[in-house]
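Each remark here refers to the structure printed beneath this line.
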Amino acid sequence: MVQIALTVPAQHEFETALREAIEQRVASRIAAQDATLWGPDAESEASIRLSWTQLAEASRPLVAEITELREQLAGKGLDRVVLCGMGGSSLAPEVICDTAGVPLTVLDSSQPDMVRAAIAEGLERTIVVVSSKSGGTVETDSQRRAYEQAFTDAGLNPVDHIVVVTDPGSPLDDEATNAGYRVFRADPHVGGRYSALTAFGLVPSGLAGADIGGLLDAAAGAQAAFYADDADNPALRLGVLIGVANRHRVDKLVIADQTRHGVGDWIEQLVAESTGKLGKGVLPVVVPFENAVNFNPSTADSILVSIGSTDAPEAQSGYAAALDADLGAQMLLWEVAVVVAGRIIGINPFDQPDVESAKQAARELLSGGGDVPTPDATDDGIDIYGEGSTVTEAVSALLGTLDLQHGYLAVQVYLDRIAYADFAGVREVLAQRLGRPVTFGWGPRFLHSTGQYHKGGTPNGVFLQVTGTPAEDLAVPGRDFTFGSFIDSQAAGDAAVLREHGRPVLRLHLNDVEAGLKRLREAFSQ
């Protein structure tokens, strides 16, 4: 169940834009993969990024292939599935498996304690899905190397335990094929964040035991409605609403997800990375349903989305009807809506020009080519990179730069997201304190998601980074850097790029993570 509420009076403008979209056959042209819909500047990219529109049929042959492989692996006692992937390669399988109630370990971090914990569990019965569209994702490559070393050290053949998903002809495709791994080659004409129904979403989910055939069935059953040039098309209505609202500086999409299956995190990447560029875009704010500060109360620059509940506020304009949709249909709903919204906002929904900048900055620091930052102050074991001699002063100074009419705070935490999952609760504390939208992202995971919006989207964010010294570092086999130095470089590199874009950034490094988190909770509450 999905409900939407628009908090600005724009009914006439919405109806006009919806009528124009119908007259211009926007929905059916999306289905027909018309690359001209987003203007000449986007046409080249769009021409190779629209195959997602027909995946409900095109991916059908994968179901039997994945099912057969799962049975073969189960016969060998391999019943624990670990996914090494980032962004679009991990978020969709995570929500698919959680919704289906099947276990999947998602390793989407370079934090050494988190990597070590994943490898230490049930190695002899583990199948690792290494998933990278480009075939060159450094986090995924590092995780693969660590697993290969662990299998070898345990007397296990990595070929028996590793499955690869990548685009055909990628560096990973060549290397994995030569090594003898089982390789699934995905459709290269689907971008990462639209790849939920490709091999990237289906292989790990199917191996874990999710009903991927049913997922495709749900998407197929929704196509007629979502591709219709009709005023009742819910995907068209949602996309038009988001686009029209954005013209009125309503640029926050607050998502309260009662299902708790992570669909909000998947929507977050799709919306933020697709729309956040050229100083424009829509910022998703994912909130817990049971304590939804920013949803209730909300701010005037927010669209409210309720998933899995009928308790959303009554919409003031545009899109008030609830949509009852299974996960496959809901994924297609949002994919269509986002590209419709992108057309109205005036951006290319298929590129991500600012993602690479943070990666490059991290690579420079790793290679010794960049300036390693030094703390401006230290307070009770916490290194402060920013203004203020104490943590409380530094936090207050950062929050004091926030635009109280249109701004947002992004909390970015480069810690073990499994071990310290409850720290995400500080989002509500800070949102209550500020009365403004607050997002919470685990690093480096968010760099492949909202990281694009942070640098390329509406320039009204302030950024609070939390990093920490790991319990123990971990070498990356075959590389001259460790997981610890890698994640430090990712945090410092992203902070540097944010500052280059004029974004206020405060970094707090916890030399003792447990004690430091307690201290931060106190500072945030003041």
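The values are calculated or read from the model by the stated rules, or taken from the named source; none is laboratory data. Note that this is a predicted model, so its numbers are computed, not measured. Methodologically, a virtual Cβ is constructed for each residue, glycine included, from the backbone with ideal geometry; neighbour enumeration extends over all protein chains shown.
Out of the residues in segment 44-96 that are farther than 21 Å from residue 190 by Cα and under 25 Å from the mean Cα position of the chain (by Cα), which is surrounded by the fewest Cβ atoms within 10 Å (Cβ to Cβ)?
80
In segment 240-254, the residues that are acidic (Asp, Glu) form Cβ pairs under 7 Å with partners that are part of a strand (DSSP E or B), at six or more places apart or across chains, as follows: 251/283.
With closer than 27 Å to residue 289 by Cβ and surrounded by 23 or more Cβ atoms within 10 Å (Cβ to Cβ) as the only criterion, which of 203, 250, 240 stands out? Talk me through it step by step, then tell me what you get.
On the way: 203 fails: closer than 27 Å to residue 289 by Cβ; 250 fails: surrounded by 23 or more Cβ atoms within 10 Å (Cβ to Cβ).
None of the others qualify; the one that does is 240.
Every listed requirement among (1) in a strand (DSSP E or B); (2) in contact with a Pro (Cβ under 8 Å, 6 or more places away or on another chain) is met by residue 82 save one, (2).
Exactly one residue out of 303, 307 is among the β-branched types (Val, Ile, Thr), within 19 Å of residue 233 (Cβ to Cβ) and either at pLDDT below 90 or crowded, with 24+ Cβ neighbours inside 10 Å (or both): that is 303. Would segment 509-524 turn up any residue that is touching a Lys or Arg at 6+ places or on another chain (Cβ under 9 Å), under 20 Å from residue 111 (Cα atoms) and assigned to a helix (DSSP H, G or I)? Within segment 509-524, not a single residue is touching a Lys or Arg at 6+ places or on another chain (Cβ under 9 Å), under 20 Å from residue 111 (Cα atoms) and assigned to a helix (DSSP H, G or I).
For segment 360-372, does any single residue satisfy the condition of being assigned to a loop (DSSP other than H, G, I, E, B) and at pLDDT 95 or above? Give the steps one after another, and end with the answer.
Of all residues in segment 360-372, those assigned to a loop (DSSP other than H, G, I, E, B) come to 367-372.
Those left that are additionally at pLDDT 95 or above: none.
Within segment 360-372 (the criterion being assigned to a loop (DSSP other than H, G, I, E, B) and at pLDDT 95 or above), the answer is no, since none of the residues qualifies.
Counting only helices (runs of 4 or more DSSP H) that sit wholly inside segment 373-491, those with at least 1 residues that are in contact (Cβ under 8 Å) with a residue 24 or more places away in the chain and under 19 Å from the mean Cα position of the chain (by Cα) are 426-434, 451-456.
For residue 256, indicate whether it is of a type outside the set (Val, Ile, Thr), modelled with pLDDT under 95 and in contact with a helix residue (DSSP H, G or I) (Cβ under 6 Å, 6 or more places away or on another chain). Give the steps one after another, and end with the answer.
Numbers: of a type outside the set (Val, Ile, Thr): yes; modelled with pLDDT under 95: yes; in contact with a helix residue (DSSP H, G or I) (Cβ under 6 Å, 6 or more places away or on another chain): yes.
It is true that residue 256 is of a type outside the set (Val, Ile, Thr), modelled with pLDDT under 95 and in contact with a helix residue (DSSP H, G or I) (Cβ under 6 Å, 6 or more places away or on another chain).
So which of 278, 270, 283 ends up being within 15 Å of the chain's Cα centre (by Cα) and over 21 Å from residue 94 (Cα atoms)? Show your work before the answer.
Values: 278 fails: within 15 Å of the chain's Cα centre (by Cα); 270 fails: over 21 Å from residue 94 (Cα atoms).
After ruling out the rest, the residue left standing is 283.
Mind telling me which of the residues 450, 467, 439 ends up being buried (at least 24 other Cβ atoms within 10 Å of the Cβ), touching a His at 6+ places or on another chain (Cβ under 6 Å) and either on the phi > 0 side of the Ramachandran plot or not acidic (Asp, Glu) (or both)?
Working: 450 fails: touching a His at 6+ places or on another chain (Cβ under 6 Å); 439 fails: touching a His at 6+ places or on another chain (Cβ under 6 Å).
Being buried (at least 24 other Cβ atoms within 10 Å of the Cβ), touching a His at 6+ places or on another chain (Cβ under 6 Å) and either on the phi > 0 side of the Ramachandran plot or not acidic (Asp, Glu) (or both) holds for just one of 450, 467, 439, which is 467.
Conditions (1) over 22 Å from residue 55 (Cα atoms); (2) modelled with pLDDT under 95; (3) not basic (Lys, Arg), marked per residue:
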position	(1), (2), (3)
165	no, no, yes
172	yes, no, yes
186	no, no, yes
190	no, no, yes
198	no, no, yes
201	no, no, yes
205	no, no, yes
244	yes, yes, yes
